[in-house]
Structures are given as C-alpha cells and as structure tokens.
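Undergrad: Pasting a structure here, questions to come.
The values are calculated or read from the model by the stated rules, or taken from the named source; none is laboratory data. Just so we're clear, the structure is a prediction, and the values are computed from it rather than from any experiment. Glycine also receives a Cβ, built like all others from the backbone with ideal geometry; neighbour counts cover every protein chain displayed.
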Amino acid sequence: MASVLIPVSLLLGALLLVPQALGEFTAYQLGLYLIYGIAAQGIGFLWGKTGILPLGQALFFGVAAYATGMALRDGGGLVLHLGLAAVVLAAIALAAFGLAALIFRGRADSGPYFSLITLALVMIAEQVAGTTTSLTGGFNGFSGYDSLAGLDPFGGFYYVIVAATAAVTLLLLTLNRLPANLIARAVLDNEPRLQLLGYPTHAIKGLAFTVSALLAALAGGLFASHQGIVTPDATGFALSAQLVILTAVGGRFHVLGPLVGAVAIGWASDSLRDSFPYWELLLACLFILVVLKAPGGLAELVERGWRRIIPARPAVLPPATEAPAPRAPQDPGALAFEDVRLQIGVVRILNGVTFETPAAGIVSVIGPNGAGKTSALNTITGTLRTTGGAIRLGTQRIDNRPPHKALASGIGRKLQVPSVFFSMSVAENLTIAMMAGRARWSDVLCRSPFGWRSGGLTRVLEHAAVPLAAELSRPAGTLPQGHRQFLEFAMTAAAEPPVLLLDEPCAGLSPEETALMTDLVRAYQAATGALVIMIEHDMSIVEAISDRVLVLHQGQVLAFDSYAAVSADPAVQAVYAGGTK
Amino acid sequence: MSAHLEIEALTGGYHDTNVLFDVSARVDRGEVLGIFGRNGVGKTTLARLVQGGLRLAGGAVRLKGREVSSLAPWDRRALGLGYMPQTEMVFDDLTVRENLMLGENARAPEEYFDLFPRLAERQGQLAGSMSGGERKILAFVRTMIEDSDVLILDEPSEGVQPENIERMAQCLRARAEAGAAVVLSEQNIGFLTSIADHLLGLDAGRVVLRETAGRVSAEEVRALLTV
C-alpha cells in the first residue's frame with residue numbers, strides 16, 4: 001500500500017504548499033493545469049492500458065462543464081448540485097459504455113474506427129454547442145453563474161481541485177495494483193487469447209472508456225466552476241487533441257504522467273505565449289519528438305533514471321490459496337458435430353462434418369495439412385462462424401457463439417502457435433488465466449486472485465521438468481517457443497475446463513519435451529475426467545495417448561475409431577501416413 | 001577458399017541480455033548444417049543473429065567471404081541470404097499467390113506445386129485463413145523460390161504433416177546439391193539427421209557438440225536433448 005500512499009501524500013503535500021509558496025495567481029493557473037491533467041489521466045488510463053486512443057474526450061468534458069454551469073446558475077444548495085452531478089455522471093457513464101460496447105462488440109480490431117467515431121462526435125458536439133445559443137450561449141459562451149459552493153477560483157476552489165487530483169491519483173494507483181489492471185493491459189497485449197479465457201473484451205474496453213469519460217466529466221465540472229464561463233471550445237476537437245498531447249508528452253503508461261504533462265506544457269505555454277510567437281509550433285515539435293523518441297513520455301524518462309538509483313522491488317503477493325470453483329458446468333457431456341459446414345469466400349473448409357465424441361477421454365485429431373483440423377476447433381470456440389449444421393456440447397448448442405463464451409460452456413483452448421500475453425511476466429499470465437471462468441466482477445478489485453491456485457495449474461507448475469516455476473518473473477515475450485507452449489498449456493489447464501482443445505501442443509518441442517507435454521495432458525485428463533481433443537501429427541503420440549482418433553480429410557470425416565482400427569484403415573493409409581519426431 | 005557462410009565467435013541476444021556465446025560454424029557450398037538443442041538454448045537467436053534481425057554483441061558473420069555483421073537484413077538478403085523464420089512467416093492479409101509474388105524470386109512457384117499441390121489449389125485464398133501447416137509450407141516455398149546461396153530455416157517442419165516434411169527434405173537436398181549452403185534448425189531429429197551433413201548441438205547458448213552427421217545417430221542426438 002506504501003507504493004500508493006507515498007506518491008499521493010507527496011503530491012498532495014506539494015500542491016497544498018503552492019498558494020503560500022508561489023501565490024494565489026500561480027495556484028489559480030496550476031488549478032487549471034490540474035483540471036486538464038485529470039482529463040488527461042483518463043486518456044492515459046484508456047490509451048496506456050488498452051491501446052485505444054480516444055480523440056473526443058472534450059465531448060464529456062464539455063457536456064459536464066455546461067451541465068455544471070447550468071446547475072450553478074439555477075441556484076440550489078450543494079446537496080442538489082451533487083445530486084445533479086451524480087445524474088449527469090451516470091448518464092455520461094451509460095453513454096460512454098454503450099458507445100464503446102457497441103463499437104467493439106464482435107470486432108477486436110475496431111480501435112481505429114473508435115478513434116474516428118469519437119473524433120466525429122466531438123466535432124458534432126462543438127457545432128451543436130455553438131449553434132444552440134438559447135441553451136449554451138452560443139459562441140459567446142455560457143456564463144453568469146457562481147462557482148461551486150461559492151468558493152473563490154483564486155482562493156478556496158484551488159483546494160477542491162487538489163483534493164480531486166489526489167483522489168483520482170489514489171484511485172488510479174490503487175487500480176494499478178489490482179487484477180483489473182492486468183486484465184485491461186491484456187486487452188492490448190493479446191485480445192484473442194483474453195477472449196478464449198472467457199473475458200468479454202468489448203465490455204472491458206467499454207468499462208475502461210467509461211472510467212476515462214468520467215474523469216473527463218469530473219474535469220469539465222471543475223473547469224466550469226473554475227473559469228466561470230463555458231464556451232464551445234470546451235467540447236471541441238482542439239481541446240481533445242490538446243488533452244491527447246498532454247497525455248503523450250507526460251506519459252500515458254504512468255498515473256502521474258498526464259498530470260506532469262499538463263503542468264509542464266501548461267506552464268511552458270503560459271510562459272512562452274507572450275514572448276515567443278511560435279510556441280504552438282514548439283509544442284507540436286515536442287509532441288513529435290516524444291512520439292518518436294520517448295513513447296513512454298516524460299514520466300518514463302524520470303522513472304528510468306529513478307530506477308537506476310532505486311531498483312524496483314518485486315510486489316508482495318498474497319499467500320497461495322485455493323481458487324474458487326470454476327463456474328462452467330463440470331460434466332457438460334459429449335461433443336457432437338452435426339453436418340457442420342464452413343466456407344470462407346469460395347473455399348470450403350468443412351464439408352458436412354459429423355461425429356460425436358465420448359463425454360470424457362482423449363480424442364486425437366489427425367489428417368493432412370489443410371484437412372480442416374484447426375478450423376474444426378475454431379468452430380467449437382466460435383472463432384470461426386459455421387455456414388451450416390450444428391455443434392452441441394451435451395444439450396447446449398454452442399456453434400456461432402462469441403469466443404468469450406466458450407469457457408463458460410466448459411471449453412478451454414490452446415492455440416496452434418503459442419498465444420500468451422507477451423509483455424507480461426509469466427506470473428501475470430498465470431494470474432489472468434487463474435481468474436478465467438472463476439472470478440466475479442468484484443474479484444478483479446481485490447488482490448486475493450494474485451494468490452489463487454487450482455489443481456490444474458499446480459500439477460503443471462510443480463512438475464519438476466516443467467521450465468516455468470523458475471521463470472515466473474520473466475516477460476513471456478522473451479521465452480523460447482517451447483516454453484511458451486508449456487506456459488499456454490498451464491494457462492489453459494489453470495481454468496480446469498471439462499473440455500480441453502489442444503492444437504498441436506507438442507509443435508516445436510524436442511522429443512523429451514514432447515514426452516513431458518504428453519504426460520501433462522494425460523495427467524490433466526486423469527485428474528479432471530475431462531474430454532481432451534488434441535490435434536497431433538506425431539503418430540507415436542497419437543497411439544500412446546488416444547482413446548479415439550478422428551481423421552479429417554478435405555473437410556470431411558474419413559474415420560473415427562480406435563487407433564488400431566484407424567491405422568489399419570486403407571482409406572486412412574491412402575491419404576495420411578503419419579510419422580514420428 | 002572461404003565458406004558460403006562463416007560464423008565466428010558469435011555472441012548476442014536480446015537488448016542487454018546475451019543468450020548465445022562464442023558460437024562458431026562454417027557451412028560450405030552444398031552442405032547442410034543441422035542445429036539442435038532444447039528449447040531456449042539459442043537456436044532461434046543464432047538464426048536471427050546471422051540473418052540480421054538481432055545485433056551482434058561480439059563475433060562476425062561472413063557471407064561468401066564478405067563480412068556482413070553490420071548489414072541490415074535486407075542487405076544480407078540482397079547478398080544471397082534466405083531466411084525462413086519460426087513464426088510470423090507469411091503475410092496473412094495477402095493471398096497465397098500474392099505471398100509468392102513478393103520480392104525478387106529466381107524461380108517460379110509453379111516448380112513446387114507438384115510437391116505441394118495444396119498451394120496450387122489455394123492460390124486465391126488469404127494466407128491467414130490457411131491452417132498452420134499450410135502456412136509453414138507456403139513460407140517454405142516462398143523461401144525456396146528466392147534461390148538463395150545461403151538458406152537459414154528455423155523449425156520449418158513445425159505443424160507440418162510427415163509426408164510434407166519428407167518433401168521439404170527433398171527440396172533442401174536439391175538446393176544443397178545445386179550449391180547452396182543450408183542451415184536447418186529443428187526439433188524433429190528424424191528430419192534433421194536425414195539431410196544434415198554436419199550437426200551442431202547447442203546448450204545454454206554454447207556449442208556442446210560438433211560432429212559429422214554420419215558419426216552420430218538420431219538416438220544419440222535425442223539423448224543430448226534431455227529436458
């Protein structure tokens with residue numbers, strides 16, 4: 001907790017000294033920079049964690065500013081004003097979440113469209129604010145109201161801004177220590193993997209955007225009271241762009257970065273505005289320089305220097321505890337394909353695939369490259385939409401559901417090319433996987449999931465030959481390919497799905513590592529009684545591990561029987577000889 | 001006479017962390033050098049240091065006698081170095097045909113369509129919608145048609161069905177017989193020992209075995225790959 005309280009206390013102490021040390025006018029100017037800084041902190045939260053760049057934050061800033069001005073002009077006490085603020089903030093939260101969820105639902109790559117849509121919305125808002133003169137005062141602005149609680153913008157109101165800044169910083173620093181932070185970062189790192197772990201990424205992006213919108217709105221409300229006038233500029237693109245620049249220059253990956261950017265650029269602009277006519281050009285050059293040379297902004301440069309003096313200490317994690325039980329049904333039943341067809345463009349990938357697995361055991365899927373093996377698994381998870389037929393797991397129909405719902409149906413998936421969260425440590429990868437299918441929304445705001453362990457994870461981690469226990473603090477992106485295979489298997493096994501889909505888990509492994517992976521798969525099946533469906537080319541593994549073997553060829557089932565029967569089948573021999581490493 | 005590829009006391013890795021130390025090797029024209037070792041010992045790092053994707057911390061790489069250690073990957077490619085990476089090896093949003101049209105290729109892709117007929121059938125399909133094994137084959141053929149003097153292949157058989165692995169071996173033998181120097185990094189020891197003239201075993205970033213292929217059996221190589 002000291003990592004949160006110390007910086008907030010230092011910040012608070014320094015800001016509280018300003019009026020006495022530097023005078024009320026400086027405090028007034030600093031108050032405005034901090035207001036922009038709060039809005040920029042919201043952008044940093046969204047952009048730095050999820051990678052989504054909002055280009056229209058002034059929409060929420062301006063709406064809240066106008067609403068505050070109107071409420072203050074209409075009179076009423078502080079309680080009424082706070083009540084109105086709650087209503088406005090709730091409306092903004094709802095609008096922001098709805099907008100983001102709508103744009104991101106069903107498409108993981110909507111980021112650029114989202115940025116452009118927010119840009120369009122803020123341009124519309126500025127136009128509306130400028131033309132609805134009876135409501136907003138038009139281009140002359142909305143004014144003639146008192147400041148909040150009658151506090152003087154050159155006096156007491158500064159302390160309100162400082163309190164808001166400290167509260168927002170405390171909130172964001174606290175969030176950084178919680179699993180919610182990992183999940184938000186995971187969206188940027190590897191969204192498809194996060195979806196297959198059961199996380200609804202469109203809702204996560206929606207929530208992150210909501211937080212950023214609420215911070216912009218808070219800043220807008222403070223701005224109206226601080227400035228005594230709201231003009232269409234407060235809802236405009238220029239302010240939106242300025243907030244992005246403050247965030248980028250200050251550092252979008254750090255909570256304090258946007259504040260630093262707002263204060264540094266605000267102070268520099270005010271100092272240069274009268275003496276240097278090209279100060280905006282200078283600002284633009286600074287922005288370009290930061291983007292090119294220091295993408296982490298001033299905060300990252302400061303932190304890098306600081307870490308040379310005081311190295312980062314590893315976080316103290318809560319003790320290991322038994323994880324809550326998975327929410328998915330533990331005995332979902334057999335998996336059945338009924339005349340499943342899949343066509344992409346003119347290419348027919350699955351041509352009426354029909355089979356039914358047992359409810360438990362290991363089913364190997366073999367067949368030539370391009371037979372439709374990976375595509376068949378992709379239709380089970382909803383990653384590919386079928387063009388005909390049905391897929392059932394027990395009594396539930398599961399085809400064409402979004403990938404993030406697969407785990408809730410009991411289906412875990414390991415991909416062909418190991419898919420992990422590359423910028424995160426092995427331990428962070430495992431924490432995200434450990435929460436998959438188990439955590440409630442409230443759990444992501446507690447630290448206890450950092451200590452969660454399931455039998456599925458423990459069996460992998462504590463196996464003497466698995467190379468992960470010694471690599472927990474290592475970034476997953478620096479692991480060799482084979483170790484990534486073990487990490488992704490551990491992540492999939494951690495959720496303990498009753499149906500485990502493994503796509504060539506032994507690819508890129510040495511013969512000994514292959515034997516180890518095979519042991520882990522067998523152990524998982526034996527401990528959980530799961531149905532394991534595994535694509536494999538190595539026939540010695542297929543023979544050793546399989547209860548049944550499914551042979552696919554040209555998108556159809558060629559055989560589905562025991563290994564002995566399938567390997568003796570002349571039709572199978574004609575298309576697929578198989579081999580060993 | 002200088003070898004097609006000379007690696008001299010190579011040291012390097014990622015950022016400030018070296019994972020490969022003092023590795024030397026020489027591959028003459030017509031030779032296949034097989035590289036093996038457990039995961040994480042530095043095989044991919046070695047391939048990327050030679051190809052130019054990673055900067056050397058020490059040592060030198062010479063291509064047909066010319067020092068290329070400070071050259072960019074595209075300059076090494078222009079000097080006759082072909083490279084098939086382990087991952088990210090095709091352009092997912094381009095069709096199979098478009099993938100095969102990129103770059104200056106000395107051979108026509110059709111020369112390989114008899115061996116890999118699936119590529120001929122799927123020419124109009126986006127590479128990203130193909131299976132993992134098919135993408136590997138596409139990347140392999142892409143590398144073959146460049147007709148490079150020196151070829152570096154990082155786990156080309158991963159995810160590929162055995163019949164197609166045998167066809168890959170056939171292509172590599174043909175390239176070596178035509179005078180290319182081939183460096184093949186593989187976990188599939190059967191594939192590796194079937195075509196390698198020399199073997200280089202790595203462990204913890206260092207060379208632990210250097211032997212002519214016929215003098216060491218596949219079983220002995222596997223014995224060195226203890227987890």
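Undergrad: Looking only at residues that are at the interface with another protein chain (Cβ under 7 Å from one of its Cβ atoms) and under 20 Å from B:GLY13 (Cβ atoms) in the range A:475-519, which one is modelled with the highest pLDDT?
TA: Going residue by residue through the range A:475-519, those that are at the interface with another protein chain (Cβ under 7 Å from one of its Cβ atoms) are A:478, A:480-483, A:504, A:507-513, A:516.
Cutting the leftovers down to under 20 Å from B:GLY13 (Cβ atoms) gives us A:478, A:480-483, A:508.
Details: A:THR478: 86, A:PRO480: 84, A:GLN481: 82, A:GLY482: 85, A:HIS483: 90, A:GLY508: 80.
Going through the qualifying residues, I end up with A:HIS483.
Undergrad: Out of the range B:145-160, which residues are touching a Phe, Trp or Tyr at 6+ places or on another chain (Cβ under 7 Å) and under 24 Å from A:TYR576 (Cβ atoms)?
TA: Of everything in the range B:145-160, those that are touching a Phe, Trp or Tyr at 6+ places or on another chain (Cβ under 7 Å) and under 24 Å from A:TYR576 (Cβ atoms) turn out to be B:PRO156, B:SER157.
Undergrad: Let me ask something else about it. With (1) at pLDDT 85 or above; (2) touching a helix residue (DSSP H, G or I) at 6+ places or on another chain (Cβ under 9 Å); (3) more than 12 Å from chain A (Cβ to nearest Cβ) as the list, and B:GLN161 as the residue in question, which single condition is left unmet?
TA: (3)
Undergrad: Do any residues in the range A:286-313 that are within 20 Å of A:ALA248 (Cβ to Cβ) have Cβ atoms under 7 Å from those of residues that are charged (D, E, K, R), where the two are at least six apart or on different chains, and which pairs are they?
TA: A:ALA294/A:GLU300; A:GLY297/A:ARG252
Undergrad: For the range B:187-227, what are the residues that are among the small types (Gly, Ala, Ser), more than 14 Å from chain A (Cβ to nearest Cβ) and outside any loop (DSSP other than H, G, I, E, B)? Spell out the reasoning first.
TA: Residues of the range B:187-227 that are among the small types (Gly, Ala, Ser), as a first pass: B:190, B:194, B:196, B:201, B:204-205, B:213-214, B:217-218, B:223.
Imposing the further condition that a residue be more than 14 Å from chain A (Cβ to nearest Cβ) reduces the set to B:196, B:213-214.
Scanning the range B:187-227 gives B:ALA213, B:GLY214.
Undergrad: Still on this model: Taking the residues in the range A:1-54 that are touching a helix residue (DSSP H, G or I) at 6+ places or on another chain (Cβ under 9 Å) and outside any helix (DSSP H, G or I) as candidates, determine which candidate is surrounded by the most Cβ atoms within 10 Å (Cβ to Cβ).
TA: A:PRO54
Undergrad: Might you let me know whether the range A:243-252 holds any residue that is out of contact with any His (no Cβ under 6 Å at 6 or more places or on another chain), within 29 Å of A:VAL4 (Cα to Cα), in a loop (DSSP other than H, G, I, E, B) and not assigned by TED's automatic domain parsing to the domain that holds A:SER442?
TA: Initial filter on the range A:243-252 (out of contact with any His (no Cβ under 6 Å at 6 or more places or on another chain)): A:243-252.
Filter again for within 29 Å of A:VAL4 (Cα to Cα), leaving A:243-252.
From the residues that got through so far, the ones that are in a loop (DSSP other than H, G, I, E, B) too are A:251-252.
In the following step, the residues that additionally are not assigned by TED's automatic domain parsing to the domain that holds A:SER442 were identified as A:251-252.
Yes, the range A:243-252 has at least one match.
Undergrad: Going by the structure shown, is A:ASP443 closer than 30 Å to B:SER131 by Cβ and either surrounded by fewer than 18 Cβ atoms within 10 Å (Cβ to Cβ) or touching a residue at least 40 places away in the same chain (Cβ under 8 Å) (or both)? Explain how you work it out, then say what you get.
TA: Values: closer than 30 Å to B:SER131 by Cβ: no; either surrounded by fewer than 18 Cβ atoms within 10 Å (Cβ to Cβ) or touching a residue at least 40 places away in the same chain (Cβ under 8 Å) (or both): yes.
So A:ASP443 does not fit the description; no.
Undergrad: Look at A:PRO200 and say whether it is closer than 29 Å to A:ASP109 by Cα, surrounded by fewer than 21 Cβ atoms within 10 Å (Cβ to Cβ) and either assigned by TED's automatic domain parsing to the domain that holds A:VAL122 or not hydrophobic (A, V, I, L, M, F, W, C) (or both).
TA: Against the criterion (closer than 29 Å to A:ASP109 by Cα, surrounded by fewer than 21 Cβ atoms within 10 Å (Cβ to Cβ) and either assigned by TED's automatic domain parsing to the domain that holds A:VAL122 or not hydrophobic (A, V, I, L, M, F, W, C) (or both)), A:PRO200 qualifies.
Undergrad: I'd like to know if the range A:401-416 contains one or more residues that are modelled with pLDDT of 95 or more, within 14 Å of chain B (Cβ to nearest Cβ) and more than 30 Å from A:LEU178 (Cα to Cα).
TA: No, every residue in the range A:401-416 fails to be modelled with pLDDT of 95 or more, within 14 Å of chain B (Cβ to nearest Cβ) and more than 30 Å from A:LEU178 (Cα to Cα).
Undergrad: Follow-up question, since we're still on this one. Scanning the range A:520-536 for residues that are more than 14 Å from every other protein chain (Cβ to nearest Cβ) and farther than 18 Å from A:LEU335 by Cβ, which turns out surrounded by the fewest Cβ atoms within 10 Å (Cβ to Cβ)? Give the steps one after another, and end with the answer.
TA: Step one: of the range A:520-536, the residues more than 14 Å from every other protein chain (Cβ to nearest Cβ) are A:521-533.
Next cut, farther than 18 Å from A:LEU335 by Cβ only: A:522-523, A:526-527.
Working: A:ARG522: 14, A:ALA523: 15, A:ALA526: 11, A:ALA527: 13.
Ranking the qualifying residues of the range A:520-536, first place goes to A:ALA526.
Undergrad: Looking at the range B:119-133, which of its residues are crowded, with 20+ Cβ neighbours inside 10 Å and either among the hydroxyl-bearing types (Ser, Thr, Tyr) or at pLDDT 90 or above (or both)?
TA: B:LEU119, B:ALA127, B:SER131
Undergrad: I need a count of the residues in the range B:37-79 that are over 20 Å from B:LEU209 (Cβ atoms) and not in a loop (DSSP other than H, G, I, E, B). Full working, then the answer.
TA: Going residue by residue through the range B:37-79, those that are over 20 Å from B:LEU209 (Cβ atoms) are B:48, B:51-58, B:60-79.
If we keep only those that are not in a loop (DSSP other than H, G, I, E, B) too, we end up with B:48, B:51, B:56-58, B:60-63, B:66-67, B:73-78.
The total comes to 17.
Undergrad: Quick one: which of A:PRO319, A:PRO295, A:PRO329 is touching a strand residue (DSSP E or B) at 6+ places or on another chain (Cβ under 9 Å), farther than 26 Å from B:GLY159 by Cα, outside any helix (DSSP H, G or I) and of a type outside the set (Asp, Glu)?
TA: Within the list A:PRO319, A:PRO295, A:PRO329, the selection yields A:PRO329.
Undergrad: Give me a count of the residues in the range A:122-149 that are surrounded by fewer than 19 Cβ atoms within 10 Å (Cβ to Cβ) and of a type in the set (A, V, I, L, M, F, W, C).
TA: 6
Undergrad: Still on this structure, I have one more. Within the range B:41-77, track down each residue that is within 14 Å of chain A (Cβ to nearest Cβ) and either surrounded by fewer than 21 Cβ atoms within 10 Å (Cβ to Cβ) or touching a helix residue (DSSP H, G or I) at 6+ places or on another chain (Cβ under 6 Å) (or both).
TA: B:LEU54
Undergrad: With closer than 24 Å to A:GLN416 by Cβ, in contact (Cβ under 8 Å) with a residue 24 or more places away in the chain and more than 14 Å from chain B (Cβ to nearest Cβ) as the only criterion, which of A:GLY333, A:GLY372, A:GLY352 stands out?
TA: From the options A:GLY333, A:GLY372, A:GLY352, the qualifying one is A:GLY352.
Undergrad: From the set of residues in the range B:138-176 that are of a type in the set (Val, Ile, Thr) and assigned to a helix (DSSP H, G or I), which is nearest to A:LYS373 (Cα to Cα)?
TA: That would be B:ILE165.
Undergrad: State all residues of the range A:293-341 that are closer than 29 Å to A:PRO449 by Cβ and aliphatic (A, V, I, L, M); if no residue qualifies, say none.
TA: The answer is A:ALA299, A:ILE310, A:ALA312, A:ALA315, A:VAL316, A:LEU317, A:ALA320, A:ALA323, A:ALA325, A:ALA328.
Undergrad: Consider A:TYR278 carefully, then state whether it is more than 28 Å from the chain's Cα centre (by Cα) and of a type in the set (Phe, Trp, Tyr).
TA: The answer is yes for A:TYR278.
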